[in-house]
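Heads up, the thing below is written out as structure tokens.
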Amino acid sequence: MNIARNIESVGVSIRNARKSYGAFHALDDVSLEVGAGEFVSLLGPSGSGKTTFLGILGGFVQPTSGSVFLGEKDITYAPPHKRDIGIVFQNYALFPHMSVGENVAFPLRARRQPKSTWAAKVRDALSMVELTGFEHRRITELSGGQRQRVALARAIIFEPRLILMDEPLSALDKQLRENMQIELRHLHQKLRATIIYVTHDQREALTMSDRVAIMNRGKIVQIDTPVRLHDHPSDSFVASFIGEATLVPVDYAATGCARLGPYHLRSAHPVPQGKEIFLAVHAEKLLIADDADDGILNRMAGTVTEVLYQGESARVFVKLDDGTKLSLRQPSNHTGLTKIKPVGSRMTIGLHPQDTIVVPKAAY
Ligand SMILES: Nc1ncnc2c1ncn2[C@@H]1O[C@H](COP(=O)(O)OP(=O)(O)OP(=O)(O)O)[C@@H](O)[C@H]1O
Ligand SMILES: [Mg+2]
């Protein structure tokens, strides 16, 4: 048997889902179409409705209204075990008194699959998560990352067409977490299952997903590819949630142009005309533009107020003459570091029109 070949992924469609507790909407009229084999992350602050959303998909939470389709099939009221969905929770929920093999075989037992097929399937699932030979280990004898992989093996063994994961890596340290992110991506490519993944770590979401849905207060406020979210945030909430952005109030000046103090900043993107608009500047997009004036960059002058060396890069804080504070990130290579001037010096910073992003104030 080969799990990778057998899984036939399927799209999911959530239509106008709402979950209310009294007058409070934990999930507020959310619709989302996820394509077969797609990896979509839900990213948002604590309490924004991510787990509620997964619960409705998995069947643990009854929606107040709305519907859920797995492919063509309406599963809105199907019980969890009839949904053909693999689930990995934050705390793994492994059975500590069972061996690795017994844990992984559990869904087969629950689904009354013939016992004669279990051993081969367990071997296959464990090899998929690179735990070959771990069948007889006890859960207590595993590291955090290994436990995580057992939980994954248990979620994929019955060949679900959809896998839901709720912050599955949050208990791991940084190194392990980053390795697991890459492993999960590879696993997704091998399995070609549809995956919906909850996290509140933006880096994780951007690293792993085909698309990321940004949630706030029970709503999806923007869903896009990682690159588009980063470069085209729809409003100030998304802009402040993605990347190391500083939001600076600016005024609309003309088509494709915003005014910040004495500067007219040209943008390659539409500049919204509303009253409250913000320049969303990512630290890595600001350049030290002391030497060349190629006529393309928007240039602003200020004074260096602080320099922080942070290993792979250095952070330079600059105060413009009108008092606006910006910070830029300079790569820690020789050329990059020699451009940084000491605190108190004058510095010209540049921002390319392609990187000049102006967003409206979030409406919530
Ligand atoms: N059973 C319940 N009764 C009342 N309110 C609830 C219930 N379950 C969840 N909520 C509320 O619904 C909102 C969304 O909760 P949810 O667990 O979906 O958030 P989340 O985005 O997963 O947050 P976190 O990142 O902290 O896990 C929260 O304000 C929460 O307090
Ligand atoms: Mg949650």
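Checking the Cα-Cα distances for Lys82/Lys174; Lys73/Lys219; Lys285/Lys361; Lys19/Lys115 against a 30 Å cut-off, the pairs over it are Lys82/Lys174; Lys19/Lys115.
Based on alpha-carbon atoms, the Kirkwood radius and the radius of gyration of the stretch 248-360 give Rg/Rh equal to 0.97.
Applying 0.36 nm per residue to the separation of His97 and Lys341 and subtracting their alpha-carbon distance, the gain on full extension is 81.8 nm.
For the chain, what is the calculated [θ] at 222 nm in deg cm²/dmol (nearest 500), taking -39500 (n - 2.57) for each run of four or more DSSP H residues and dividing by its residue count? Numbers along the way, then the final one.
Values: 10 runs with 90 residues, N = 364.
So the helix-based figure for the chain works out to -7000 deg cm²/dmol.
Charge dipole (Cα centre; +1 on Lys/Arg Cβ, -1 on Asp/Glu Cβ; no other charges) of the stretch 71-189 amounts to roughly 380 debye.
Using 0.36 nm per residue, how much length does the chain from Arg228 to His269 gain when fully extended, once their Cα-Cα distance is taken away? List each step's numbers first, then the result.
Details: separation 41, 0.36 × 41 = 14.76 nm, distance 1.24 nm.
Stretched out fully, the Arg228 to His269 stretch lengthens by 13.5 nm.
Using 0.36 nm times the number of residues separating Tyr364 and Asp290, minus their current alpha carbon distance, what extension gain do you get? Please list the in-between numbers first.
Numbers: separation 74, 0.36 × 74 = 26.64 nm, distance 3.96 nm.
My answer for the length gained is 22.7 nm.
One Cα centroid belongs to the stretch 73-104, the other to the stretch 238-254; the line between them spans 42 Å.
At 1.4 Å probe size, put Tyr263, Tyr252, Tyr309 in order of accessible surface, largest to smallest.
Working: Tyr263 45, Tyr252 70, Tyr309 155 Å².
Sorted descending by solvent-accessible area, the residues read Tyr309, Tyr252, Tyr263.
Split the accessible area of the chain by element, probe 1.4 Å, and carbon with sulfur accounts for 52%.
Taking the Cα atoms only, what angle lies between the long axis of helix 100-110 and the longest principal axis of the chain, rounded to 10 degrees? Helix 100-110 sits at roughly 70 degrees to that axis.
Computed over the Cα atoms of the chain, what is the convex hull's projected area averaged over all directions, in nm²?
Seen from a random direction, the Cα hull of the chain projects 21.8 nm² on average.
For the chain, the longest principal axis of the alpha carbon atoms and the long axis of helix 174-191 meet at an angle near 60°.
Which whole-number value in Å² is the accessible area per residue of the chain, probe 1.4 Å?
Result: 47 Å² of accessible area for each residue.
In this simple spin-label model, placing a label point 7 Å from the Cα along the Cα-to-Cβ direction at both Glu306 and Gln62 gives a separation of 5.2 nm.
The values are calculated or read from the model by the stated rules, or taken from the named source; none is laboratory data. Small disclaimer: the values here were computed from a predicted structure and weren't measured. Positions of Cβ are backbone-derived with ideal geometry, glycine not excepted, and every protein chain shown enters the neighbour counts. Areas reflect the complete protein model, heavy atoms only, side chains present, ligands, DNA and RNA absent. Shrake-Rupley method; radii C 1.70, N 1.55, O 1.52, S 1.80 Å.
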